[in-house]
Amino acid sequence: MGVLANKGEKVKVRVRVNGVWYERYVSPRMLLVDFLRDELGLTGTKVGCDTTTCGACTVIMNGRSVKSCTVLAVQANGADILTIEGLAQDSKLHPIQQAFMDNFALQCGYCTPGMIMQTYFLLKENPNPTEEEIRDGLHGNICRCTGYQNIINAVKDAAGRMRS
């Protein structure tokens, strides 16, 4: 973690995001979601509720799913972070991204990055989840548009694609 700073002082944060190391001096109060968006320009991670309710800001930090609106950037010092921008490889969508697209698992798209990152974590932990396990695994991510069924279908489809 960064060193405690006096009011107005900045602290150094060094993180590995999507395989690239970044170092920035930031306010000790800066949230990880703001660090990703404002300092690194990675705007795929969305700011939704700032209370861990919606899940739009979900990223993978050190192999765990976290809601980046409640993690300080200084708490992520030294961490390995994966965001939605890090999933696609060589201009090819990740199987989860492709499954969400193919199954019409989005409408406005605001929740989609967080939903996809939570799905990524879920499928790493459980490569062949039941529908009940999918619903439980996504319970901290809210979608106000789709009614969830296409999201569930997309997760099932992505699980199959990733197993084969």
Revision key, fill the gap. Out of Gln107, Gln118, Gln98, a Gaussian network model of the chain with alpha-carbon springs under 10 Å gives the largest mean-square fluctuation to Gln107
**Study point:** Top of Glu85, Glu39, Glu132 by mean-square fluctuation, Gaussian network on the chain, Cα under 10 Å
**Key:** Glu132
Practice item. Return, ordered by residue number, the residues of the range 39-64 whose backbone nitrogen is under 14 Å from a label point located 7 Å along Cα→Cβ of Val20. Key: 39-44
Revision key, fill the gap. The answer for the net charge of residues other than Glu133 whose Cβ lies under 12 angstrom from its Cβ, with Lys and Arg +1 and Asp and Glu -1, is -2
**Study point:** Descending Cα extents along the principal axes, the range 11-86, whole Å
**Key:** 29, 25, 20
**Study point:** Listed residues Gly140, Met162, Pro127: farthest to the positive end of the dipole of the range 95-163 (Cβ charges)
**Key:** Met162
Practice item. Per DSSP H run of n ≥ 4, the term is -39500 (n - 2.57); total these for the chain, divide by its residue number, and report the mean residue ellipticity at 222 nm rounded to 500 deg cm²/dmol. Key: -8000 deg cm²/dmol
Review point. What residue among Lys12, Lys124, Lys92 shows peak mean-square fluctuation when the chain is described by a Gaussian network model with Cα springs under 10 Å?
Key: Lys92
Exercise for review: Determine the relative contact order of the range 11-86: mean sequence separation of Cα pairs under 8 Å and six or more apart, normalised by residue count, in whole percent.
Suggested key: 40
Study note, to complete from the structure: Per residue, the convex hull enclosing the alpha carbons of the range 43-119 has a volume in Å³ of 96
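Quick note: the coordinates plus some simple rules give every number you see, no bench work behind them. The structure presented is a predicted model; accordingly, all values stated were derived computationally and were not measured. Methodologically, a virtual Cβ is constructed for each residue, glycine included, from the backbone with ideal geometry; neighbour enumeration extends over all protein chains shown.
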